There are 2 protein chains.
Amino acid sequence: MYYLTDDGKTTLYRQLYNVLREKIISGEQKAGTKLPSKRAMAAQTGVSVNTVDSAYAQLVSEGYVSVKPKSGYTVCRIDPVQSVRLTKAVLPEKKPEPTCYAVDFDPSRPAVDRFPQSVWQRLSSQVCASADWLLSGPRQGDLALRQAVAAYLASSRDVHTRPENIIIGSGTQSLLTMLALLLENRYTFAFEDPVYHRCAELFARIGHPTLSVAVDKQGVCLDPIGDLSPALLYTTPSHQFPLGICMPMQRRVKLLNWCAAADDRYLIEDDYDSELRYDARPVPSLFSADRNDRVIYLGTFSSTVSPALRVGYMVLPERLRSLYMESPLPLSCNVPVSEQMVLTRFLIEGYFEKHLNRLRTYYRKQRGFLLEELQCFGGMVEPIGEAAGSHLTVKVKNGMKETALLQSAAAEGVRVYPISPYFSGQMPQKYAGKVLLGFGGLSREEIRDGVARLYRAWAKR
Amino acid sequence: MYYLTDDGKTTLYRQLYNVLREKIISGEQKAGTKLPSKRAMAAQTGVSVNTVDSAYAQLVSEGYVSVKPKSGYTVCRIDPVQSVRLTKAVLPEKKPEPTCYAVDFDPSRPAVDRFPQSVWQRLSSQVCASADWLLSGPRQGDLALRQAVAAYLASSRDVHTRPENIIIGSGTQSLLTMLALLLENRYTFAFEDPVYHRCAELFARIGHPTLSVAVDKQGVCLDPIGDLSPALLYTTPSHQFPLGICMPMQRRVKLLNWCAAADDRYLIEDDYDSELRYDARPVPSLFSADRNDRVIYLGTFSSTVSPALRVGYMVLPERLRSLYMESPLPLSCNVPVSEQMVLTRFLIEGYFEKHLNRLRTYYRKQRGFLLEELQCFGGMVEPIGEAAGSHLTVKVKNGMKETALLQSAAAEGVRVYPISPYFSGQMPQKYAGKVLLGFGGLSREEIRDGVARLYRAWAKR
């Protein structure tokens, strides 16, 4: 018996399909038996032959029923899907809700209100007006964007390369993943310690040995990796994160000569916020001092536009470019074409340079303001590292350890950031009492209020 | 001697910096010697003390010179960067310039002129108007987008999941990379053969064993992987690529029960163009028939909007979600926040559904038109596979093998696509004579012209 009614919700064909499917799954309509002919079924149910035809076609296309010329519709054998008792999934415990902070010195938050939004909106609208952004581009990224990046790198970072050697990707993580996948020969991935070391985890997962290398006053030390080959050394020479060291020329030369001494060594120069320096002109890149094509250069628009943009670039030495070109890996560019097109216009029409200059001036002033406010501590809070970026690393000399500094600040409604998570092991004693204060996303009022609260937390005990 | 001139090109401070740096690098100004005081240098060169100060500061910040209170500026020891003779890089040979085709049956080209550009442009402009798109979102992707995707999946694919189990990523490649990195326990990655097998290369690089599994008339066969565990089986049940098979329910049940029989087995259901079916309603997903939370569901906006959008999603079973939540890997969402926000509006304001319905109608007609045109071959060209997607797989029964089919078509100015590259080894004999014809990006005139040319190439011999 079939009860089909035109209830305005489920089409008649769907109702018939549902009823029949249920009968087949439940075994009421047995495998090997035949369904009534379409005409008979139509008569039986009072719907049109067309409706029956649609329902039967759906059952056939899903494999519940088979059809052969002259022998009609036969029910297929469908085993039930077994249900097993699952090993109980280990659910992560719910993290406690974050405290709501009055002032958050988040080092990764950019000054979004400084960005020329209306310009971006206009360029974006221009790009959307044609259909070009719906067509896939080359896997290295749009040629026009790579040309614009090459021109920018040549003028601002003394990085002279060809668009052919540039790969556009959705940020440093994504480009490092690609690099780690490309290098088959199990390179030792040596990295500065402290560092954003999820990257090391990435290389480890892909089977590369990893090695953490301590940082001294000049930056990453070379001794622990002296003999390694093949090897990659990951470094942030312009502005060590999170210590803020700018690597002097002597150390740079040492690194370059270490590379040159064996065939399979590369430096990965992560130049993440080299554009934001306040004391002098940006320091030339490691890449520009190289004579042997051994520096893999990484840059990003995260600090200059926003991390939410998800665009970075990697300059590959010639030998690695060959590896890339011939790789059987899926390596399509993972940045949307539309965004690449908008960014290209933003660069070649001069808006980026203008924005960068303004941003640098703005951050310099904000940084100066924060330093001034910190004067209230007397010598108790001392800024360390170079004048660069949109955060300050400070040493708090009140005897508190990192956890105490964070907790007492939180009790006053202020969030400051630890540096210990960036060490691969236990943080050495000498770094105790250091915390990060990001100022990029804060107004002067917020900075003043934040410092006053920190004063209550750290000085008035 | 210093020759500094105000030539309007290089600032005086930069000229002085360049001269001094050159002297230090060349050894003319020896390590350990002192630079003249700022005042003396200013007198010597005729520039201001401020200018000298800038040049000195730059040299200090780059480590060429060190400064100490009361002892002035001392030149540092800088070793020369050694230049080594590199093993000659093996440059890829330049590929011959592609022939310019009159008609290109590109299966990956969507119907870009069908996309509601002005809607996207407007939504995009709305998103750019506020600064929210410059703020980083959660690593799984924007919550609103995940909610919209969950609602869409429930209504269109019978995939019922929570936003918490959805990961937004820049397409299938990128999401599979993440999955391969997440699974530490060396899962065997079994994949349908033929397949887009660069994905297998990805799993292999990360250390997972891989295994190609033949496809019969019902889709992927289970026998070769019967005992494997832990294991993943990658499959395209709705529309096998490139053969076009829609997996019937019996086979689906077999796969699901294979999974249920061991603790560490998962199916990866790549539902890449399930939305584009023309004969009946879309076939329910494998995910919807699962009772044991063992299906990893992959979807993408590549076929419905464009591959250039670079957005896809992955639904993770609960156990893998826990793995994801606790992973120490860098897993930030790699889709720009702005694009996520525009796409969210496109989905929840109903534009996507409208577009999809129109696109389906358009493709159905285009496909019908192509089939009609192919009638001129009589029975020589036979379409195979289900009526779905924006390409047709055809069997050409004129005795030509794949290479001959491609070459003779190219000689008439038409590009058609081979299926042999999708086989992991030698293509079995039974698939000879099959080629792909994409019709998504072609007008009727182009289809007619293309088929006429194919007729000259394949039938008139």
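The values are calculated or read from the model by the stated rules, or taken from the named source; none is laboratory data. Everything numeric in this text was worked out from a predicted model, so none of it was measured. Cβ placement follows ideal geometry from the backbone for every residue including glycine, while neighbour counts extend to all protein chains displayed. The accessibility values were calculated without ligands, DNA or RNA, using every heavy atom of the protein model including side chains. Shrake-Rupley method; radii C 1.70, N 1.55, O 1.52, S 1.80 Å.
A few comments on the model shown:
- Selection of the stretch B:48-76 for residues being without any contact (Cβ under 8 Å) to a residue 12 or more places away in the chain, within 14 Å of chain A (Cβ to nearest Cβ), of a type in the set (S, T, N, Q) and open to solvent by 40 Å² or more (accessible area, probe 1.4 Å) yields B:Asn50, B:Ser66.
- Cβ-Cβ distances below 6 Å connect the following pairs, each with a first residue in the stretch A:173-201 that is over 21 Å from A:Ala214 (Cβ atoms) and charged (D, E, K, R), a second residue that is open to solvent by less than 30 Å² (accessible area, probe 1.4 Å) and not in a helix (DSSP H, G or I), and a separation of six or more residues or different chains: A:Arg186/A:His208.
- Listed by first and then second residue, the pairs linking a residue in the stretch B:22-47 that is within 16 Å of B:Leu4 (Cα to Cα) to a residue that is in a loop (DSSP other than H, G, I, E, B) and at pLDDT 90 or above, with Cβ atoms under 8 Å apart and 6 or more places separating them unless they lie on different chains, are B:Met41/B:Leu35; B:Ala42/B:Ser48; B:Gln44/B:Pro36.
- When residues of the stretch B:36-74 are limited to those that are basic (Lys, Arg) and modelled with pLDDT of 85 or more, the one nearest to the chain's Cα centre (by Cα): B:Lys68
- Screening the stretch B:257-290 for residues that are within 12 Å of another protein chain (Cβ to nearest Cβ), within 30 Å of B:Arg358 (Cβ to Cβ) and among the charged types (D, E, K, R) and picking the one that is least open to solvent (accessible area, probe 1.4 Å) gives B:Arg277.
- Long-range neighbours under 8 Å by Cβ, at least six apart or interchain, first residue buried (at least 21 other Cβ atoms within 10 Å of the Cβ) within the stretch A:437-449, second part of a helix (DSSP H, G or I) and of a type in the set (Ser, Thr, Tyr): A:Phe439/A:Tyr363; A:Gly440/A:Tyr363
- Hey, B:Phe203 more than 9 Å from chain A (Cβ to nearest Cβ) and either among the charged types (D, E, K, R) or not in a strand (DSSP E or B) (or both) or not: yes
- Members of the stretch B:206-224 that are within 15 Å of B:Arg252 (Cα to Cα), within 12 Å of chain A (Cβ to nearest Cβ) and surrounded by fewer than 21 Cβ atoms within 10 Å (Cβ to Cβ): B:Lys217, B:Gln218
- Hey, A:Thr344 surrounded by 21 or more Cβ atoms within 10 Å (Cβ to Cβ), hydroxyl-bearing (Ser, Thr, Tyr) and at pLDDT below 95 or not: no
- Enumeration of residues in the stretch B:322-368 that are within 14 Å of chain A (Cβ to nearest Cβ) and among the hydrophobic types (A, V, I, L, M, F, W, C): B:Leu323, B:Met325, B:Leu329, B:Leu331, B:Cys333, B:Val335, B:Val337, B:Met341, B:Val342, B:Leu343, B:Phe346, B:Leu359
- Residue within the stretch B:86-102 that is modelled with pLDDT of 90 or more and either open to solvent by less than 30 Å² (accessible area, probe 1.4 Å) or at the interface with chain A (Cβ under 7 Å from one of its Cβ atoms) (or both) present: no
- Residue within the stretch A:160-169 that is within 13 Å of chain B (Cβ to nearest Cβ), in contact (Cβ under 8 Å) with a residue 60 or more places away in the chain and in a helix (DSSP H, G or I) present: yes
- Number of positions in the stretch B:303-321 that are closer than 20 Å to B:Ser155 by Cβ, more than 9 Å from chain A (Cβ to nearest Cβ) and either without any contact (Cβ under 8 Å) to a residue 24 or more places away in the chain or in contact with a strand residue (DSSP E or B) (Cβ under 9 Å, 6 or more places away or on another chain) (or both): 4
- Candidate set: the stretch A:175-195, residues that are surrounded by fewer than 23 Cβ atoms within 10 Å (Cβ to Cβ) and under 26 Å from A:Pro336 (Cα atoms); chosen: the one nearest to the other protein chains (Cβ to nearest Cβ): A:Leu181
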